[in-house]
1. Can you tell me which residues in the range 206-220 are surrounded by fewer than 16 Cβ atoms within 10 Å (Cβ to Cβ) and hydroxyl-bearing (S, T, Y)?
2. Taking the condition in contact with a Cys (Cβ under 6 Å, 6 or more places away or on another chain) and part of a helix (DSSP H, G or I), does E231 pass?
3. From the list A287, A343, which residue is part of a helix (DSSP H, G or I) and over 20 Å from the mean Cα position of the chain (by Cα)?
4. Give me the pairs: first residue in the range 124-136 and of a type in the set (F, W, Y), second residue modelled with pLDDT under 95, beta-carbon distance under 6 Å, and six or more apart or on different chains, which are they?
5. So which of A107, A94 is assigned by TED's automatic domain parsing to the domain that holds A51 and more than 21 Å from the chain's Cα centre (by Cα)?
6. Having 3 or more residues that are free of Cβ contacts under 8 Å to residues at least 40 places away in the same chain and in contact with a helix residue (DSSP H, G or I) (Cβ under 9 Å, 6 or more places away or on another chain) is the bar; report the helices (runs of 4 or more DSSP H) wholly within the range 10-102 that clear it.
Amino acid sequence: MAPTSLLPRRRVVLLGATGSIGENTLRVIAAHRDRLELVGIAAHGKHRELAVIAHKFGVRHVGLYDASAHAAAKAGGDFPAGTVFYGGPEGLRALATLPEADTVLVAVVGTAGLHPTLDAIAAQKTIALASKEILVLAGKFVMAAARASGSRLLPVDSEHNAAFQCLEGRAPAAVRRLVLTASGGAFRDWPLEKLAEVAPADALQHPNWAMGPKVTVDSATMANKGLELIEAQCLFGLKPEQCDAVLHTQSIVHCVAEFTDGSMLAQLCPPSMTFPIQHALLYPDRAPEGTDRALPLDKAFSLDFRPVEAARYPMLGLARQAMNTGGGAPAIYNAANEVAVAAFLKCKITFLEIPRVVEQTLDAMNHSDPADLATVLALDAEARRVASERIA
Ligand SMILES: NC(=O)c1ccc[n+]([C@@H]2O[C@H](COP(=O)([O-])OP(=O)(O)OC[C@H]3O[C@@H](n4cnc5c(N)ncnc54)[C@H](OP(=O)(O)O)[C@@H]3O)[C@@H](O)[C@H]2O)c1
């Protein structure tokens, strides 16, 4: 009988197991149990959901960032006998370096996954990285750490995973443009004047993807694409002018790599995160079957592309400005956006005020290049303080 797997079974720690990426990762692991084993899981506070996952996948190592959730999980008796619990930021770091794991999938929203990612890199784990904020904040340090340890960093974000597949083995100088596609988010077809009336519930309706609240609002403003351009620049060693975005409403083509000779390679799959997750978790192997169905090429469908309207998406222009400025500007952009989106979701500012808060924070701060991680973290904290002050 033909062997079912080329590589030994991957032992995976999943940080952010209760989120949207977490849920898709669990579907991939369930579909490929002969190749993937879940050995550790973590979330912020949803301990009951983690208990269900622990039973279903036979997971022994469980982390909860929130102290009261950690205490409740330990006391509650919902978890399988013999569960080892990890609490707080230190718990996430311990899980990221778990000796029995070889792969860590980082899908914690925001930047709480930064130190666990760096620890996992130092421990030479393979990193499957979903949390885009980590590279935007500290890409220079994360990429240098991965180069130094030889740890493999595989992008899970659909556009970057697509770019990885299109660019694999090609020098940055051969790339004329890496074009990431954008769905346009919830308001791509709204009249511009109506954007002043947007409520959080409107921004949380994504036309193509089911995702967590922060990334769904980021899609509506296109801060998401801005963060992704910065992430692409960092992951693939490109110049700002080599990274571009185009509107593509179907979310079927995830990235187009245009080479200097004018040829283009694109990656296509339906808008489901199981495709990039499965690619990253099994790389360089290919799954014998997809977790979700591939595109039905025997049925008619069309693909639309159009330029991004600058007036509708000022957050994309601000991301370009941050990329061109370089230094600490991308980290400031990211921090100010996180604060502004949280304020918008709590109805403290309007949708149109999100870019204003980010622009004012970028204008108010020094953009010099942080020399070390401590300086990046201080810059991040200062940008959050300045953005909160603008909101107040
Ligand atoms: N969703 C997508 O399709 C997608 C696509 C590309 C990239 N991404 C990126 O992937 C990341 C996750 O996105 P998501 O949509 O899955 O978010 P989400 O649905 O909001 O889930 C976030 C996950 O992170 C956990 N978490 C939050 N803070 C934590 C902390 N301090 N320590 C440990 N766990 C923490 C949450 O736990 P609780 O449930 O307990 O709060 C939850 O499991 C984001 O960086 C996003 O930009 C997402």
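The values are calculated or read from the model by the stated rules, or taken from the named source; none is laboratory data. In this text the structure is predicted, and so the values were computed from the model without any measurement. Glycine also receives a Cβ, built like all others from the backbone with ideal geometry; neighbour counts cover every protein chain displayed.
1. Answer for the range 206-220, where residues must be surrounded by fewer than 16 Cβ atoms within 10 Å (Cβ to Cβ) and hydroxyl-bearing (S, T, Y): there is none.
2. no
3. A343
4. Filtered contacts from the range 124-136: no entries.
5. Testing whether each residue is assigned by TED's automatic domain parsing to the domain that holds A51 and more than 21 Å from the chain's Cα centre (by Cα) leaves just A94.
6. 47-57, 67-76, 88-96
The rows are residues; the columns are (1) modelled with pLDDT under 95; (2) not assigned by TED's automatic domain parsing to the domain that holds V28.
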| residue | (1), (2) |
| --- | --- |
| V256 | no, yes |
| F259 | no, yes |
| I277 | no, no |
| A287 | yes, yes |
| T291 | no, yes |
| P296 | yes, yes |
| K299 | yes, yes |
| L303 | no, yes |
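For (1) farther than 24 Å from M143 by Cα; (2) in contact with an Asp or Glu (Cβ under 9 Å, 6 or more places away or on another chain), each residue gets a yes or a no:
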site	(1), (2)
R27	yes, yes
H47	yes, yes
K56	yes, no
F85	yes, no
L114	no, yes
